[in-house]
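Before any comments, here is the structure.
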Amino acid sequence: MAMRILLTGGAGFIGSHVCDRLLARGDEVVVLDNLDDYYDPAIKRRNLRDARSRDGFTFIEGDIRDGELLGRIGRTHALDGIIHLAARAGVRPSIEQPTLYNDVNLVGTSRMLELARDFTIGNFVFASSSSVYGEREETPFRETDPVDHPVSPYAATKKAGELLCHSFHHLFQLPVACLRFFTVYGPRQRPEMAIHRFTRRIEAGETIPLFGDGSSLRDYTYIDDIVAGVLASLDRNEGFEVYNLGNHRMVSLSELVSAIGHALGREPIIERHPSQPGDVSRTCAEISHAREQLGYEPETPLEVGLARFVEWYRTIGPPEPREERA
């Protein structure tokens, strides 16, 4: 049965893919996005180019902290669910602007939960992050692991967001699924993220600034696999659940750079730098809970996903960003 979904952050990387998939299966989508200047808003507008031509699509430019606007949306759209992806993203920028991150990510999430409560919207999906796990040696990371020691303000806001979600579930019986994303990549990836940044520099024959010795490990997850998990969590949302959405495979930073170079057919030129504050040494998702409850099964090997990203980059990739963030 088709649903009408409010999708926050729907003009972004993950959000625009979720939007396209919802529309393709016949759902109606109301995208709320403030098109902020964290990166070029023209890129976000282009992300929604295909969606704008589809029936059932509505775009509202606005802020998730604007309670008056959210009230109007609740009154004028009979919403069946909320997928809350909007957030101030990025570990390193959050160290420089912690108050901004707290404001957007916590106040914004509180407003969205209030919207669900006030208009009896009985399906809430919240985008959390693998960053909540902090620095730890033991892998893979399990949803039952303690997450009491975040190492960046961004990570702290995501953990706090999960706690807010649980409180609304407890008080108002709101079904909530909290999704811990593990390093998502693919077409439309934000221009400051590592795979996109490295691709741009290798293609241009520029050096790759590598922070640390290249041994840090990440669980890279292709966008199509993440979107499948998001939709499954929406369709099977009962009670309160936390899910890891990852690939269950660790790849070192050095291996990643080499794989990008292979996909581009170019040799990367490495420039070494010290490790940066807020970065963790490894991430790896235990996905058995998501597999059992959602039927989640990532299918895209890194080399396949990188080849698709490079193809996109060389054809309809975004324009050069106005500035490159760390």
Open item on the list: Once you order the gyration tensor axes a ≥ b ≥ c over the Cα atoms, which shape class does region 97-173 get: rounded for a/c under 1.5, otherwise prolate or oblate by comparing a/b with b/c?
Closed with: oblate
- [ ] Before rounding to the nearest 500, sum -39500 (n - 2.57) across all DSSP H runs of length at least 4 in the chain and divide by the residue total; then give [θ] at 222 nm in deg cm²/dmol.
- [x] -12000 deg cm²/dmol
Task: Derived scalar couplings ³J(HN,Hα) [region 141-154; Karplus, 6.51 cos²θ - 1.76 cosθ + 1.60; whole Hz; x for Gly, Pro] - done: 7, 10, 4, 7, 5, x, 10, 9, 9, x, 10, 8, x, 4
- [ ] Enumerate the amide H contacts of residue 210 below 5 Å, restricted to partners 5 or more residues apart or on another chain; note that Pro and chain-start residues carry no placed amide H.
- [x] 271, 272, 273
Open item on the list: How far apart, in nanometres, would the label points at residue 36 and residue 100 be if each is projected 7 angstrom from Cα along the Cα-to-Cβ direction?
Closed with: 0.7 nm
TODO: Go through 38-49, 244-255 and give me the packing order, highest mean Cβ count within 10 Å leading.
DONE: 244-255, 38-49
TODO: Could you size up the charge dipole of region 172-321 around its Cα centre, putting +1 on the beta carbon of Lys and Arg and -1 on that of Asp and Glu, and report it in debye to the nearest 20?
DONE: 300 debye
TODO: Would you please name the GluC sites (Glu not before Pro) within region 80-150 that are DSSP coil residues with at most 15 other C-beta atoms within 10 Å of their C-beta?
DONE: 135, 137, 138
- [ ] Quick one: what are the phi-derived ³J(HN,Hα) couplings along region 219-226, Karplus 6.51/-1.76/1.60 with θ = phi - 60°, whole Hz, x for glycine and proline?
- [x] 9, 8, 10, 6, 4, 4, 5, 4
Task: Note, ³J(HN,Hα) from phi for region 239-253, Karplus 6.51, -1.76, 1.60, rounded to Hz, x at Gly and Pro - done: x, 10, 9, 10, 10, 7, 10, x, 10, 6, 8, 9, 10, 6, 4
Open item on the list: Between residue 312 and residue 262, what is 0.36 nm times their sequence separation minus the Cα-Cα distance? Round to one decimal in nm.
Closed with: 16.4 nm
Open item on the list: Using a 10 Å cut-off around each Cβ, can you sort 196, 273, 289 from fewest to most neighbouring Cβ atoms?
Closed with: 273, 289, 196
Open item on the list: Based only on other Cβ atoms within 10 Å, what is the fewest-to-most ordering of 5, 270, 64?
Closed with: 270, 64, 5
Open item on the list: Run the simple label-point estimate for residue 92 and residue 54 please: 7 Å along Cα→C-beta, distance reported in nm.
Closed with: 3.4 nm
Open item on the list: Using +1 at the C-beta of Lys and Arg and -1 at the C-beta of Asp and Glu, which of 62, 97, 22 has the Cα lying farthest in the positive direction of the dipole of region 19-100?
Closed with: 22
TODO: Work out, step by step, the length gained on full extension between residue 142 and residue 293: first 0.36 nm times the residue separation, then minus their alpha carbon distance; give nm to one decimal.
DONE: 52.9 nm
- [ ] Figure the gain on full extension for residue 254 and residue 173 (residue separation times 0.36 nm, minus the Cα-Cα span) and round it to one decimal in nm.
- [x] 24.6 nm
Task: Distant-in-sequence amide H partners of residue 149 (H built 1.01 Å from N, under 5 Å) - done: none
Open item on the list: Placing unit charges on C-beta atoms (Lys and Arg positive, Asp and Glu negative, everything else neutral), compute the dipole magnitude of region 124-187 about its Cα centre in debye, rounded to 20.
Closed with: 220 debye
Task: Net charge over other residues, Cβ less than 13 angstrom from the Cβ of residue 283 (K, R count +1; D, E count -1) - done: -1
Task: region 164-246: C-alpha gyration tensor shape, a/c 1.5 cut-off, then a/b vs b/c - done: prolate
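Computed from the coordinates by the stated procedures, all read-outs in this text should not be read as laboratory data. This is a predicted model, so every value here is computed, not measured. Methodologically, a virtual Cβ is constructed for each residue, glycine included, from the backbone with ideal geometry; neighbour enumeration extends over all protein chains shown.
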